[in-house]
Structure formats: structure tokens, C-alpha cells
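One structure below.
What follows draws every value from the coordinates through simple rules; no lab data is involved. All figures in this text were calculated on a predicted structure; none of them were measured in a lab. Cβ coordinates were reconstructed from backbone atoms using ideal geometry, including for glycine residues, and neighbour counts include every protein chain displayed.
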């Protein structure tokens, strides 16, 4: 028998949970910022590569792009200076962008 009576709390939305926890709030903020960066570089990201790129984590002033395969990663690497310049010109400070090739078949 459970010594603690079950407490029924209404479920929290993700936004409510994030607001209640500083750690979750920060993760949520970083996720939004990463998505904003991806939207910022999309005009200079070739259309054939857009489906192969996802916004990755932000660590300090460094950002990560998650890329589906090595061929796309090789092409993206050539565009990094242009991506960095565009981000800076749009008020998004970045010291570097790293590329992580997605592992697993998906």
C-alpha cells in the first residue's frame, strides 16, 4: 500500500512547465533561438539542402547544425562563413557554427 495518498494535479502544458522551471525555461529559450537562427540562414541555404538541415544546440556563442548525411555536410561547410556573416548582420552573435552529421538512418 502506498503511504502517500495520490494527489491529482491538472496536467501542465509544456509552456507552463518551462515557466515553472528555470532550467526548462532556458532550454525552451535556446530552442526558440536556434530555430530563429535557422530561419535567418534559410534565404542563403540552397533549397535542395533545406530538408537536410535542422537547428541544433546553442552553446555560448557557438551554434550547431544537424545535417542528415556527409554529402550535405560537405556542401554546408562551404557556406559556413556566409551563414555566420548573415547571423551577425541580423544581430545574432555567433563565434562559430559546427556541423553534426545525424547518426542512425533517420
Segments 30-38, 65-73, 93-101 sorted - mean Cβ within 10 Å per residue, highest first: 65-73, 30-38, 93-101
What's the long-distance tail for the stretch 16-101, i.e. % of Cα pairs beyond 20 Å? 33 percent
What full-extension length gain, to one decimal in nm, is calculated for residue 35 and residue 61 as 0.36 nm per residue of separation minus the Cα-Cα distance? 7.9 nm
Below 8 Å, C-alpha to C-alpha, sequence gap of six or more: please give me the relative contact order for the stretch 16-101 in percent. 28 percent
Using the beta-carbon distance between residue 16 and residue 95 and R0 = 35 Å, what value does 1/(1 + (r/R0)^6) give for FRET efficiency, to the nearest 0.05? 0.55
